[in-house]
Amino acid sequence: MVAQNPDTPRELERYLRPENTAGLGFDQLCGTAGAVRTGALLNAAPQILGVSLNPQIVQPGDVFLGISGAKRHGAEFVETAVANGAVAMITDTAGLEFLGDGLSIPVAVVADVRKSAAAIAQNVYGTDQRSPKLFGVTGTNGKTTTTYMIRAILDALGEETGLIGTIEMSARGQIIPSVLTTPESTQLHGVLARMAQQDVSSVAMEVSSHSLSYGRVDSLRFAVSGYTNLTQDHLDLHGTMDEYFETKAQLFTAERSERAVVMVDDQYGQRLAERALVPTETLSLDEAHPSAYWRVTELAHSGLGHSFTLRHRDGRELRARTLLPGMFNVANGALAAVMVLASGVELDTLQRALNAGDPLSVAVPGRMQVVGESPVAVVDFAHNSDALAKALDSIRPGEQGRRIVVFGATGERDKTKRPDMGAVAARHADIVIVTDDDPHGEDPAPIREQVASGAQQVLDTERPGVQVHNIAPRAKAVEFAVSLAHANDAILVAGRGHEVSQDVAGIDVELDDRVELAKALNLHGFVTNS
Ligand SMILES: CC(=O)N[C@H]1[C@@H](OP(=O)(O)OP(=O)(O)OC[C@H]2O[C@@H](n3ccc(=O)[nH]c3=O)[C@H](O)[C@@H]2O)O[C@H](CO)[C@@H](O)[C@@H]1O[C@H](C)C(=O)N[C@@H](C)C(=O)N[C@H](CCC(=O)O)C(=O)O
Ligand SMILES: Nc1ncnc2c1ncn2[C@@H]1O[C@H](COP(=O)(O)OP(=O)(O)OP(=O)(O)O)[C@@H](O)[C@H]1O
C-alpha cells in the first residue's frame with residue numbers, strides 16, 4: 001500500500017517526521033547541543049518543531065542546520081530556509097560569513113554542525129525517550145535483501161514493523177519513498193519518531209558506509225547489528241579497503257549496537273568478529289569456518305532457491321528455506337534469522353514463524369527478479385564485481401545454453417571498479433553487453449569503454465570464445481541481448497534493479513529494466529512471467 005506519493009522532496013519531508021511535535025525552546029535546544037547564541041537576535045526564543053539540514057526541504061517551525069559540505073556551505077542558502085519557514089539556525093563559524101546583517105532568525109554556533117546534527121534531531125523529536133527496536137544491516141552487498149527478510153520474519157511473528165533502506169521506507173505497510181539508502185540523521189530521528197507514534201515496534205534498517213562516515217546514524221543504538229560481507233566498492237569515498245572496513249566496523253561498537261551477528265566467510269568478517277566489542281554471534285556458510293557459532297548445513301535445492309539447516313555449535317537447530325535464487329540469498333536468510341534470534345526471540349517461536357510464513361522467500365523488487373523462464377531472464381541490482389560474479393553464477397542456463405549479461409558502471413563513482421566489472425562479466429558470462437548505468441554528469445561513452453576494456457582483456461588472455469559488445473542506450477542493449485538469446489540461454493540485466501529512471505546529466509530519463517526486458521522478450525516471441 002503506497003500511503004504517500006509526494007511530488008517534491010519538500011513534500012516528502014512531511015512524512016519523515018512525527019505528525020505533531022511538542023516543540024522545544026531554542027535556548028533549551030542550544031543548551032543541550034552546546035550551541036552558543038550569537039548575532040543580533042540574542043533574546044529571540046522561538047519554539048522549534050522540527051530540524052533540517054537541507055534548506056530546500058525546511059518545514060515551518062524548523063531549526064535549519066547550516067552544514068559545511070564538500071561542495072557548498074549550507075549557510076549560503078539560509079534565505080531559502082527562512083522562506084520555507086525556518087525559525088532559527090545553527091551553523092559553524094565558517095557559516096556565519098554567509099549571513100547578512102538583516103537575517104530575521106536567531107543563530108547559534110557549534111564547532112561541527114554535521115557532528116551535532118543527530119543529537120539535535122534526537123532532542124527535537126524525542127527519540128531518546130521513545131523509538132522502535134532497531135535491526136541494522138551493513139556490508140557491501142545484501143543489506144536490502146536481508147532487511148526485507150528481517151521485516152518479513154518480524155511480520156510473521158506478529159510485530160508492527162518498519163523498514164528503512166534503498167528501495168523504500170515503510171511503517172506498518174505504508175510506504176514512504178526513499179532518497180538515500182540511509183537517510184540523513186535529521187530525517188532518521190524524525191521518521192523513527194513518526195513510527196513510534198504509529199506504534200511500530202521494530203524497524204529493519206540498512207546502514208550504508210556513507211551513513212557512518214557522515215554521522216547519519218549517530219545517536220541511534222541498534223538492538224542487533226548484522227554484517228554481510230565487504231568487497232570493493234565506494235573507494236571514491238573511503239580510499240582503501242582498510243578504511244572502508246574501519247568505517248563499517250564503527251557500527252559494531254557498544255555506543256551503536258547492543259549485540260552483533262557477523263558472517264565470517266570473508267577476511268573482514270573474521271577481523272570484525274575477532275575484535276568483538278559487543279556480544280557477537282558468528283555465522284558461516286563455509287566448511288572452512290567450523291568454529292562459527294552458527295553454520296549452514298544440509299543445503300538442498302528448493303524451487304529456484306534452497307532449503308537449509310542452521311545449526312549452532314551447542315546443538316540448537318533451525319530449518320529454513322528461501323526461494324530466492326543464489327547462495328548469497330541463503331547467506332542473507334541465515335543472517336536475518338540469526339539476527340532475530342539474537343534480539344531475544346525463542347528458537348521454537350522463530351521456527352513456527354519460518355514454517356508458517358515462508359518469510360525468507362519474500363520478493364525484493366529488482367533483486368534476482370525473474371522476468372521470464374525460457375530463456376531465463378533476470379533483473380538484478382548487482383553493481384559491483386562481487387555481486388555481479390555471484391549473480392551470474394546463480395542464473396542457470398539450460399543444457400548447451402549461454403549466459404548473456406547486460407550491465408554498465410555508474411558515472412562519478414568509484415572508477416577503479418569499471419574494468420574489474422568488465423573482467424568479471426567476461427569470466428562468468430559467454431556474451432557480455434556493456435551499456436550505460438547512471439552516467440550522472442560524466443560522458444557515458446568513456447565509461448563504457450573502461451568497462452569493456454576489462455572484458456576485452458579477459459577475452460584476449462583467458463577466454464577467447466567470449467563475445468563483447470558495447471551498446472547504448474540501455475533499452476537497445478537489452479533488446480540486443482534478447483535478439484541473440486535462444487530458449488536455453490540465461491540473460492542477466494544487472495545494475496539497476498528496482499530503479500525506474502537513469503540520471504543522465506542531472507535529468508531523470510525513464511527506464512525500468514524489468515519493463516524493457518519483458519518488452520524485448522515479447523518482441524522476440526518469448527513468454528514472460530506476469
Ligand atoms: C557523498 C555524500 O554522501 N554526500 C552527501 C553530503 O554532500 P556534501 O557534503 O557534498 O554537501 P554539499 O552538496 O556540499 O551541500 C552542503 C549543504 O548545502 C546545501 N546545498 C548545496 C547545494 C545547493 O545547490 N543547494 C543547497 O542547499 C545542501 O543541502 C547541504 O545542506 O551531504 C548532502 C546533504 O545531506 C547529501 O545530500 C550528500 O549525499 C549525496 C546526495 C549522495 O548521493 N550520497 C550517496 C552517494 C549516498 O550517501 N549513498 C549511500 C549508499 C551508497 C551505497 O551503498 O550504494 C546512502 O546511504 O544512500
Ligand atoms: N550476501 C550477498 N553477497 C553478495 N552479493 C549479494 C548478496 N546479497 C545480494 N547480493 C547481490 O547484490 C545485489 C544488491 O543486493 P542488495 O540490494 O540486497 O544489497 P545492498 O547491500 O542493499 O546493495 P546497495 O547498498 O548497493 O543498495 C543483489 O542484486 C545481488 O546481485
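Looking at the range 169-180, which of its residues are touching a strand residue (DSSP E or B) at 6+ places or on another chain (Cβ under 9 Å) and either at pLDDT 95 or above or under 27 Å from ARG352 (Cα atoms) (or both)?
MET169, SER170, ALA171, ARG172, GLY173, listed by residue number.
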Of the listed residues (ALA40, ALA35, ALA45, ALA22), the one being at pLDDT 95 or above and either more than 23 Å from TYR214 (Cβ to Cβ) or not charged (D, E, K, R) (or both) is ALA35
Can you find even one residue in the range 484-496 that is surrounded by fewer than 20 Cβ atoms within 10 Å (Cβ to Cβ), in contact with a helix residue (DSSP H, G or I) (Cβ under 9 Å, 6 or more places away or on another chain) and touching a residue at least 12 places away in the same chain (Cβ under 8 Å)? no
Residue check, ARG321 against (1) on the phi > 0 side of the Ramachandran plot; (2) surrounded by 13 or more Cβ atoms within 10 Å (Cβ to Cβ), all met but one. Which one? (1)
Would you mind telling me which numbered condition in (1) in contact with an Asp or Glu (Cβ under 7 Å, 6 or more places away or on another chain); (2) of a type outside the set (D, E, K, R); (3) in a loop (DSSP other than H, G, I, E, B) HIS486 fails? (1)
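Return yes when LEU304 is out of contact with any Asp or Glu (no Cβ under 9 Å at 6 or more places or on another chain) and either among the aromatic types (Phe, Trp, Tyr) or at pLDDT 95 or above (or both) and no when it is not.
Details: out of contact with any Asp or Glu (no Cβ under 9 Å at 6 or more places or on another chain): yes; either among the aromatic types (Phe, Trp, Tyr) or at pLDDT 95 or above (or both): no.
It is false that LEU304 is out of contact with any Asp or Glu (no Cβ under 9 Å at 6 or more places or on another chain) and either among the aromatic types (Phe, Trp, Tyr) or at pLDDT 95 or above (or both).
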The range 460-483, residues that are among the aliphatic types (A, V, I, L, M) and either at pLDDT below 95 or within 16 Å of THR435 (Cα to Cα) (or both): VAL468, ILE471, ALA472, ALA475, ALA477, VAL478, ALA481, VAL482
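Results for (1) more than 16 Å from ligand 1 (Cβ to nearest atom); (2) modelled with pLDDT of 95 or more, shown as yes or no for each residue.
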{"position": "PRO183", "(1), (2)": "no, yes"}
{"position": "VAL191", "(1), (2)": "no, yes"}
{"position": "GLU206", "(1), (2)": "no, yes"}
{"position": "LEU220", "(1), (2)": "no, yes"}
{"position": "GLU246", "(1), (2)": "yes, no"}
{"position": "ASP266", "(1), (2)": "yes, no"}
{"position": "PRO279", "(1), (2)": "yes, yes"}
Just a yes or no: is a residue in the range 1-8 outside the structural domain of GLY173 (by TED's automatic domain parsing), under 18 Å from ARG216 (Cα atoms) and within 31 Å of the chain's Cα centre (by Cα)? no
Evaluate the range 25-36: report whether one residue or more is surrounded by 15 or more Cβ atoms within 10 Å (Cβ to Cβ) and within 16 Å of ligand 1 (Cβ to nearest atom). no
The lone condition ARG316 fails out of (1) touching a Phe, Trp or Tyr at 6+ places or on another chain (Cβ under 7 Å); (2) without any contact (Cβ under 8 Å) to a residue 40 or more places away in the chain is (1)
Taking the options THR147, THR140, name whichever one is within 28 Å of TYR268 (Cα to Cα), touching a residue at least 40 places away in the same chain (Cβ under 8 Å) and surrounded by fewer than 24 Cβ atoms within 10 Å (Cβ to Cβ). THR140
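Table: residues versus (1) modelled with pLDDT of 95 or more; (2) within 12 Å of ligand 2 (Cβ to nearest atom); (3) touching a Pro at 6+ places or on another chain (Cβ under 8 Å).
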| residue | (1), (2), (3) |
| --- | --- |
| ASP348 | yes, no, no |
| GLN351 | yes, no, no |
| VAL364 | no, yes, no |
| ALA387 | no, yes, no |
| ARG413 | no, yes, no |
| THR416 | no, no, no |
| ARG427 | yes, no, no |
| VAL434 | yes, no, no |
Considering the range 379-390, residues that are within 16 Å of ligand 1 (Cβ to nearest atom) and not polar (S, T, N, Q), and then whichever is surrounded by the fewest Cβ atoms within 10 Å (Cβ to Cβ), we arrive at ASP386
Looking at (1) in a loop (DSSP other than H, G, I, E, B); (2) at pLDDT below 95, find the lone condition where PHE526 falls short. (2)
Checked against (1) in contact with a strand residue (DSSP E or B) (Cβ under 9 Å, 6 or more places away or on another chain); (2) among the polar types (S, T, N, Q); (3) in contact (Cβ under 8 Å) with a residue 60 or more places away in the chain; (4) within 16 Å of ligand 1 (Cβ to nearest atom), ASN123 satisfies every condition except (4)
Here is a list: VAL224, VAL179. Which entry is within 23 Å of VAL262 (Cβ to Cβ) and either within 16 Å of ligand 2 (Cβ to nearest atom) or not assigned by TED's automatic domain parsing to the domain that holds ALA382 (or both)? VAL224
Check THR231, THR297 and return the single one that is of a type outside the set (Gly, Ala, Ser) and either surrounded by fewer than 17 Cβ atoms within 10 Å (Cβ to Cβ) or in contact with a Cys (Cβ under 9 Å, 6 or more places away or on another chain) (or both). THR297
Test: residue in the range 335-343 that is more than 16 Å from ligand 1 (Cβ to nearest atom), more than 19 Å from MET149 (Cβ to Cβ) and outside any loop (DSSP other than H, G, I, E, B): no
Name every residue in the range 182-211 that is away from ligand 2 (no atom under 16 Å from the Cβ), farther than 22 Å from ILE120 by Cβ and touching a Ser or Thr at 6+ places or on another chain (Cβ under 7 Å), in order of residue number. VAL200, SER202
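The values are calculated or read from the model by the stated rules, or taken from the named source; none is laboratory data. Owing to the predicted nature of the structure, the values given are computational and were not obtained by experimental measurement. As a convention, Cβ positions derive from the backbone with ideal geometry for all residues, glycine included, and neighbour counts pool all protein chains shown.
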